[in-house]
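Values in this text are rule-based calculations from the coordinates and carry no lab data. These numbers come from a predicted model, not from an experiment. Please note: Cβ atoms are built from the backbone with ideal geometry, for glycine as well, and neighbour counts cover all protein chains shown.
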Amino acid sequence: MRRLTGLPTRFAIAISTACLLAACSDRPVPADRDQSPVASTLVALVGGTLIDGTGGAPVNDAVVLIDGDRIQCAGSSSDCGVADSARLIDVSGRWITPGIVDAHVHYDQTAWGDGRPDALDVRSLYPFEAVEFRQRTMPERYFRAYLCSGVTATFDVGGFPWTWTLRERVRGDTFAPHVAVAGPFISHVSPPKWVLPAERRVIELNDEESGRAGVRYLAANHTDAVKVWFLKPSAEMREQLDARLYAVGDEARTYGVQMLVHATTLREAKVALRAGARVLVHSVQDEAVDEEFIGLLTDPAREVIYMPTLVVRSGYVKMYESVLTGEPPPEVDDPNRCVDQDTLAKIAQSAESGQFGRFDRERLDAYADRAAKAYELMVGNLMAVHEAGATIAMGTDAGNPLTVTGPSIHAEMEAMQAAGMPAMDVIAAATLNGARAMQRESEIGTVEAGKIADLLVLGADPSQDVANFRQLEAVVRGGRFHTQVSLQRPERGVD
Ligand SMILES: [Zn+2]
């Protein structure tokens, strides 16, 4: 008789002390982390409903067979025979999905003004060099917050050169998400407040050759992407900047590195696509997209990915509102206790930061008004490109003020659904398509045989409503089983 791990009460409680999967394999696990031995590395999740991320219909009474860090079989119970040696985990009444991919994050930003002195200059309280030292040396709280929220892979699309080192740091670590990194981004705009004495976020795009040199530097660092911050140029600079972006795109092609472009204006987004952008990391938000744009975006030869990032701007509005009024910002939407205390304390400090504010009431209202108008355009554009068949990936832009690492995925996915995307399409955007943006779809993004065992166990059906990703009960990362409760922030102290 095979042993069935029952779930008499709450799933999380039933398996809270069990070491079930990769922790029991012979793969290295950080020494300070608990491992308990079990007999077999073969584990079968049985009885749940599988949404595998490929876009296919949910499979009832599914089996997901996991061997070490890999999925051996995923499908109906007739597709996947379970060996006698497998340990069974009963997930009946629950849903299994791939781990979420947040395809637009910034590990060098803090979710408050201390990481963005250009937005809220609190450097007299929190010197930027010290903030960045902490970002670099203590990413574990973010790794935990990601897994705690169901995010098993992240794409850092621009930051200080040290962000590349996170890739090595998480390799083989089943307590961290996968990390792909773009490194410093190329731009004609370089905010002086971002510059540290020996480090910079921006490679200055002063001419075509500096753009090409930037690509060569990024390629030499084995970057996962070349990111261009293509802010709207002045009318007289347009042609020059177009030429510089074409040069960057050309050099990136030469070196075989994908190009990501921040271009939030329709004209610049089209230039980006013509220059060879593979990913647009934001919505077009200055006007409605047109046929020409949609034609470029959905051209099968280009395989472009569109990331709406609908919610990030609202975080700025909330922070500025709190700074201006002295009222605390709205409570952080963190249904599963994932965000670390330090980040929460910083966000709350907005209300005491009046002396650092840069808005009066009239200017802030105008800013909020522009954000609201942009939101309407983003929603309309998302549905236009979705209906045209564009590939859409979910990204939060986490690290920006009040866009917290981890649970920000909920607001973003729910906003995509509210815009009109069916839940199953939002799920594909937040799993397989994010993996495509990272160029890791052969390894992650779906629950399929051969892929890395990154998956979620949910207590409610996400194909009916993506808000059910809030009902997270367990996270499997690289075959290691984590109860959601075990990933929550510590009651006190710094993690
Ligand atoms: Zn960003």
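Annotations
- Rounded to whole Hz, the Karplus (6.51, -1.76, 1.60) HN-Hα couplings of segment 267-282, x for glycine and proline: 4, 5, 5, 5, 4, 4, 5, 5, 7, x, 4, 9, 10, 9, 7, 9
- Distant-in-sequence amide contacts of residue 287, defined by a placed amide H-H separation under 5 Å and a gap of 5 or more residues or a different chain, comprise 266.
- Taking amide H as placed 1.01 Å from N in the peptide plane, the amide H of residue 104 sits under 5 Å from that of 155, 396, 397, each at least 5 places away or on another chain.
- The slack in the chain from residue 193 to residue 465, taken as 0.36 nm per residue of separation less the alpha-carbon distance, amounts to 93.8 nm.
- Once the Cα-Cα distance is subtracted from the 0.36 nm per residue extended length, the residue 341 to residue 61 segment shows a gain of 96.8 nm.
- q = 0.08, 0.11, 0.14 Å⁻¹: log10 I(q)/I(0) that the Debye formula gives for the chain, counting C-alpha atoms only: -0.47, -0.90, -1.42
- Evaluated with a Cβ-only charge set (Lys, Arg +1; Asp, Glu -1), the chain carries a dipole of roughly 1000 debye about its Cα centre, given to the nearest 20.
- Footprinting exposure proxy for 451, 318, 373 (fewest neighbouring C-beta atoms within 10 Å first): 373, 318, 451
- Among 54, 135, 99 - extreme Cα towards positive end, dipole of segment 54-157, charges at beta-carbon: 135
- Against the chain, whose longest principal axis is taken from its Cα atoms, helix 128-137 shows a tilt of about 20°.
- For residue 232, a cut-off of 21 angstrom between C-alpha atoms picks up these lysines, skipping any fewer than 8 places away in its own chain: 193, 270, 373.
- With respect to the chain, whose longest principal axis is taken over its alpha-carbon atoms, helix 312-325 is tilted by about 70°.
- Charge-dipole axis of segment 204-285 as Lys and Arg at +1 and Asp and Glu at -1 on Cβ define it, positive-most pick from 279, 225, 255: 279
- Site pair residue 250 and residue 366 shows an inter-label distance of 4.1 nm when each label is modelled 7 Å from Cα along Cα→Cβ.
- Farthest toward the positive end of the dipole of segment 156-214, out of 166, 203, 192, is the Cα of 166, where the dipole comes from beta carbon charges about the Cα centre.
- C-alpha long axis of helix 238-254 to longest principal axis of the chain, angle in °: 40 degrees
- Evaluated over the Cα positions of segment 352-427, the convex hull gives a direction-averaged projected area, one quarter of its surface, of 6.4 nm².
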